[in-house]
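In what follows, a structure is listed as structure tokens, so that the remarks can point back to it.
The values are calculated or read from the model by the stated rules, or taken from the named source; none is laboratory data. Because the structure is predicted, anything quoted here is derived from the model rather than measured. A quick note on method: Cβ atoms are made from the backbone with ideal geometry, for glycine too, and the neighbour counts reach across all protein chains shown.
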Amino acid sequence: MINKHRKNLANEVGLGQEFSLSPRQSIVIAGENLAIKFIEVISDGRCPRRAICIWAGEASCLIEITIHSESTSRKVLTQPGLSGPSKTSFANYEITFDLQPYPEVGKAPDKKDYHLWLVIRKKSAPSHFAQSHSESL
């Protein structure tokens with residue numbers, strides 16, 4: 001689970017390390033030639049806590065990912081309402097993310113108050129054993 005109470009003060013983090021970005025803030029993943037920028041919250045239609053909704057809703061935010069200081073891509077991260085952190089993939093990386101704060105009844109978050117909590121990991125390659133075992137089946 002992503003710890004929403006820890007603040008990120010550095011502009012560089014390592015793989016597997018949890019960090020938080022505010023809108024328009026960016027960070028570099030150490031040793032990976034990878035930078036991530038939280039552009040904006042596109043929408044937040046998650047069902048507020050203590051509300052009765054037909055659908056849990058979802059929130060979407062836009063990030064910008066730069067690899068090797070040259071190739072920049074934009075990616076929309078969509079998180080279902082009433083869920084914990086979500087996961088997605090980009091290139092050879094797995095991205096775990098959690099948009100906070102979660103809406104409350106009668107109190108929608110202001111766009112400047114959002115924080116995107118992230119953990120970036122390399123995708124695990126299939127092991128040689130698993131690959132050779134499946135080929136023999």
Scope segment 89-102; condition over 16 Å from Val41 (Cβ atoms) and free of Cβ contacts under 8 Å to residues at least 40 places away in the same chain; matching residues: Ser89, Phe90, Ala91, Asn92, Glu94, Ile95
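Going by the conditions given, is Ser60 farther than 26 Å from Ala30 by Cα and modelled with pLDDT of 95 or more?
Yes, satisfied.
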Residues of segment 29-39 that turn out to be modelled with pLDDT of 95 or more and either acidic (Asp, Glu) or over 14 Å from the mean Cα position of the chain (by Cα) (or both), as a count: 0
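Name the strands (runs of 3 or more DSSP E) wholly inside segment 1-113 in which the number of residues that are buried (at least 17 other Cβ atoms within 10 Å of the Cβ) and touching a Lys or Arg at 6+ places or on another chain (Cβ under 8 Å) is 3 or more.
34-44, 58-67, 93-100
I need a count of the residues in segment 114-124 that are exposed (fewer than 12 other Cβ atoms within 10 Å of the Cβ) and either touching a Pro at 6+ places or on another chain (Cβ under 6 Å) or under 19 Å from Ser71 (Cβ atoms) (or both).
Looking only at that region, the number is 1.
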